[in-house]
Amino acid sequence: MKIKVATVQMKSLNNDYEGNLSRAEGHIKDAISQEAKLILLPEFALVGYEFTDSIWKMAEPLEGRTYSWLKGLCERHNVYIGTCILENYEEDFYDTFILVGPGEDALWVHRKIEPATYEAFFFKGAGMNANVFDTPIARIGVVICLDATKTHTISSLVGAGPEILLISYSWPDFPSFLPKKDRECWVEAFVSIPKAYAQYLHIPVVSSNKSGRFISPVPLLKGLKIEADFTGSSSIIDQNGDVVSSISKDAGILVEEVELGKPDISAGTNIIQKGRWLFPFSRTNKLSCDMPLIVGRLRYRWSRRRKMASQVVFEEPRR
């Protein structure tokens, strides 16, 4: 069976929900005009991306304003659209991928398994949770950003057998003050992820990242900022691991027809290495990911600001 898929690469500004929504909707409508049936947006497409407490102002319940907006588009155009929201649930925040479609009960949900680097200061990892869903158009797998670099993620997908995989990113380059070899290693791993997953799973892979500039304060280090470009490189990969279509760092969309079918996974091509990391990151890459994760989890757990922010009454869903 064949299906037309689209990936959106877009600029997503901090604290600009309506502006981000307008930009995303323009890209979505362009994809619909090219008859795309399944459309992927970047991680936090409407939220923005910054390591400050102000990100909590962008949080919403699972079926809040973003779900309502997506549901309207899906019903009107008979399409399926996915992105990540910052979900507020009880006293916690989660990076939650929502896949929305037309019809009753057409909502599929996957929470990010583990926050990436400084994200741990601002939302909680959900641990292993369902990441493959039976939908009317395909059996769809979902991965959120840095989760894709962990062996536990690929292992869970191999066991669940998706027919197509969606990877939603907010992935910037490494900051320029870090060594060049570590920055290159970081980008090389990112670019290789969709191809590697297609080869592991023998299915098409659609990835979506942001464009533009990433600028954020560093938590606990007053006056220090991270500045880098989002890596871009959104792509559509076929089941053989070949690039069908890709885009560099500019905003835009890709629309391609891909072949779905039952994955043909053999033991000889599906050996997953032991350990935490699926890709050969440098020591600096790993430390830059793990040290903020450890400190951030402690701060998040005991943060009174986080508990107070979680009690904010969110605006009514967008109609």
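Against the condition closer than 25 Å to residue 235 by Cα, more than 19 Å from the chain's Cα centre (by Cα) and touching a residue at least 60 places away in the same chain (Cβ under 8 Å), how does residue 116 come out, does it pass? Working first, answer last.
Details: closer than 25 Å to residue 235 by Cα: yes; more than 19 Å from the chain's Cα centre (by Cα): no; touching a residue at least 60 places away in the same chain (Cβ under 8 Å): yes.
Answer is no for this residue.
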Residue 155 versus (1) surrounded by fewer than 17 Cβ atoms within 10 Å (Cβ to Cβ); (2) in contact with a helix residue (DSSP H, G or I) (Cβ under 8 Å, 6 or more places away or on another chain); (3) not in a loop (DSSP other than H, G, I, E, B): which is the lone unmet condition? (2)
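Out of the residues in the range 164-220 meeting the condition of being of a type in the set (D, E, K, R) and not in a helix (DSSP H, G or I), tell me which one is surrounded by the fewest Cβ atoms within 10 Å (Cβ to Cβ). Lay out the reasoning, then the answer.
Going residue by residue through the range 164-220, those that are of a type in the set (D, E, K, R) are 173, 180-184, 188, 195, 210, 213.
Now restrict to residues that are not in a helix (DSSP H, G or I): 173, 210, 213.
Working: 173: 19, 210: 29, 213: 12.
Restricting to residues being of a type in the set (D, E, K, R) and not in a helix (DSSP H, G or I), the top hit is 213.
It is to be established whether one or more residues within the range 126-148 are acidic (Asp, Glu) and either out of contact with any strand residue (DSSP E or B) (no Cβ under 9 Å at 6 or more places or on another chain) or in a helix (DSSP H, G or I) (or both).
Looking only at the range 126-148, we keep the residues that are acidic (Asp, Glu), and these are 134, 147.
Filter once more, so that each one left must be either out of contact with any strand residue (DSSP E or B) (no Cβ under 9 Å at 6 or more places or on another chain) or in a helix (DSSP H, G or I) (or both): 147.
Taking every residue of the range 126-148 in turn, at least one turns out to be acidic (Asp, Glu) and either out of contact with any strand residue (DSSP E or B) (no Cβ under 9 Å at 6 or more places or on another chain) or in a helix (DSSP H, G or I) (or both).
Given 92, 105, which one is over 19 Å from residue 22 (Cα atoms), free of Cβ contacts under 8 Å to residues at least 12 places away in the same chain and surrounded by fewer than 19 Cβ atoms within 10 Å (Cβ to Cβ)?
Working: 92 fails: free of Cβ contacts under 8 Å to residues at least 12 places away in the same chain.
After ruling out the rest, the residue left standing is 105.
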Matching residues, the range 43-59, being part of a loop (DSSP other than H, G, I, E, B) and either crowded, with 19+ Cβ neighbours inside 10 Å or touching a Gly at 6+ places or on another chain (Cβ under 7 Å) (or both): 43, 44, 45, 46, 47, 48, 49, 50, 51, 59
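Pick from the range 67-92 the residues that are part of a loop (DSSP other than H, G, I, E, B) and touching a Pro at 6+ places or on another chain (Cβ under 9 Å): which of them is farthest from residue 45 (Cα to Cα)? Before the answer, list the steps.
As a first pass, look at the range 67-92 and keep what is part of a loop (DSSP other than H, G, I, E, B): 78-79, 90-91.
So of that shortlist, the ones also touching a Pro at 6+ places or on another chain (Cβ under 9 Å) come out as 78-79.
Numbers: 78: 21, 79: 18 Å.
This residue is 78.
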Would you confirm, using the coordinates I've provided, whether residue 97 is surrounded by 20 or more Cβ atoms within 10 Å (Cβ to Cβ), under 15 Å from the mean Cα position of the chain (by Cα) and aromatic (Phe, Trp, Tyr)? yes
Filtering the range 70-89 for residues that are under 22 Å from residue 50 (Cβ atoms) and surrounded by 17 or more Cβ atoms within 10 Å (Cβ to Cβ) leaves a count of 6
Tell me, please, whether a residue that is modelled with pLDDT of 95 or more, over 30 Å from residue 239 (Cα atoms) and part of a loop (DSSP other than H, G, I, E, B) can be found in the range 26-42. no
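Yes/no matrix, rows are residues, columns are (1) at pLDDT 95 or above; (2) surrounded by 19 or more Cβ atoms within 10 Å (Cβ to Cβ); (3) in contact with a helix residue (DSSP H, G or I) (Cβ under 8 Å, 6 or more places away or on another chain):
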| residue | (1), (2), (3) |
| --- | --- |
| 246 | yes, no, no |
| 253 | yes, yes, yes |
| 261 | no, no, no |
| 265 | no, no, yes |
| 269 | no, no, yes |
| 278 | no, yes, yes |
| 298 | yes, no, no |
| 301 | yes, no, no |
| 308 | no, no, no |
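The values are calculated or read from the model by the stated rules, or taken from the named source; none is laboratory data. In this text, all values refer to a predicted model and were calculated from it rather than measured experimentally. Cβ coordinates were reconstructed from backbone atoms using ideal geometry, including for glycine residues, and neighbour counts include every protein chain displayed.
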